[in-house]
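See structure below.
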Amino acid sequence: MQPLVSVLILNFRNANATVRCVKALQEQTFIDQIEILVIDNHSDDDSIGILRTQLRQFQNVRFIETPSNEGFGYGYNKGIAYAVGDFIVINNPDKLLEPAGIEKMVAYLQKNDAVGIVAPRLIHNDGTQRLSIRRYPHISDIVSRRSFFGSVFPSHLDGYLMKDTNLDEEQEVDWAIGGCLTMRRDLFQELGGFDERFFLFFEDTDLCRRCHSAGKKVVYLPSVRASDKKNRLSGESFWDLLFKKTGRIHVSSAFKYFWKWKGKHS
């Protein structure tokens, strides 16, 4: 029987977390309708050996190896080319969905044709909630998050981070963190997948924006929960943007994003 849902997990030198994620997915309520595609994004370490050894007992898991690491969007685009489910779940290794999570998100999409992307609530291991839904960014938002300007003008930054909304309420949003998203596969293909010009960061913002441009909503569904690690990949400070590799990639992606969407603030 052809699976209804294709769950994609992108691994890059994070095999143990990926193994944990795949094993957790086996607890999903309709696992018999799910295929899991594990994409190793040219980790250049022993990841693929660990993955194949630790996950070989699961018949619903397939492995894909990219010939090079050209970024987050590139890796997921390569994996989705092999997906056969009507729905896809982008699921980073550190996001662990509750057992009924995928069933709830797929059911929501099946009932709401106007919705293109659904995102769950993300909860850190310490019980705090990640601010995973956002309004479209301005350059000032990026600067404020990593400098004293955020404390000088807190209401501006709070608006970008949607602290002025009730995170317990289902709502349409501009965009949601891309580590755990559910959408129809044909819509993803219609949108052209992730824009591979973004090596890392802003590819989720861009995808959600193109989803809106195609006439579909992006919806935050807090009734679905996924656990998430707390540390930010790009770092926390302004200096991380300059001296940390992922910080510099963040800056590069920001420039590409703002150039692509220049003059379009809503």
Item to complete: Would you work out which of 226, 10, 261 lies farthest towards the positive end of the dipole of the chain? Charges go on Cβ: Lys and Arg +1, Asp and Glu -1.
Response: 261
Worksheet item: Using the Cβ atoms and a cut-off under 9 Å, what net charge is assigned to the surroundings of residue 3, where Lys and Arg are +1 and Asp and Glu are -1?
Response: -3
Worksheet item: Any number yet on Rg/Rh for segment 2-109, C-alpha, Kirkwood?
Response: 0.94
Discussion item. Computing the accessible area with a 1.4 Å probe over protein heavy atoms, can you report the carbon and sulfur percentage for segment 1-116?
Written reply: 47
Item to complete: Among the listed pairs 95/256; 23/264; 78/260; 104/260; 217/256, give every one whose C-alpha distance is greater than 32 Å.
Response: 23/264; 104/260
Worksheet entry | Cβ-defined net charge surrounding residue 44, 13 Å radius [Lys, Arg +1; Asp, Glu -1] | -3
Item to complete: Within 10 Å, count the other beta carbons around each residue, average over each peptide in 216-226, 60-70, 20-30, and list them highest first.
Response: 216-226, 20-30, 60-70
Worksheet entry | Nearest-20 debye value, the chain charge dipole, Cβ charges on Lys, Arg, Asp, Glu | 560
Response to the item:
Helix-only [θ] at 222 nm, the chain, -39500 (n - 2.57) per DSSP H run of 4+, per residue, nearest 500, equals -10000 deg cm²/dmol
Worksheet item: If the label point is 7 Å along Cα→Cβ of residue 84, which residues in segment 156-194 have backbone nitrogen under 18 Å from it?
Response: 185-186
Worksheet item: log10 I(q)/I(0), Debye, Cα-only segment 49-91, no solvent, q = 0.23 Å⁻¹?
Response: -0.98
Fill in: Listed residue (191, 161, 180) projecting farthest to the positive dipole end of the chain, Cβ model
161
Item to complete: Could you state the angle between the C-alpha long axis of helix 15-25 and the longest principal axis of the C-alpha atoms of the chain, as a value from 0 to 90 degrees rounded to the nearest 10?
Response: 70
Item to complete: Would you kindly give the portion of the calculated P(r) for the chain that falls above 35 Å, as a percent of all Cα pairs?
Response: 12
Worksheet entry | Selected from 251, 205, 21, residue furthest toward positive end of dipole (the chain; charges at beta carbon) | 251
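The values are calculated or read from the model by the stated rules, or taken from the named source; none is laboratory data. Just so it is clear, the structure is predicted and the values come from calculations on it, not from any experiment. Note that we place each Cβ from the backbone using ideal geometry, even for glycine, and neighbour counts take in every protein chain shown. Surface accessibility is based on the protein's heavy atoms, side chains included, excluding ligands, DNA and RNA. Shrake-Rupley method; radii C 1.70, N 1.55, O 1.52, S 1.80 Å.
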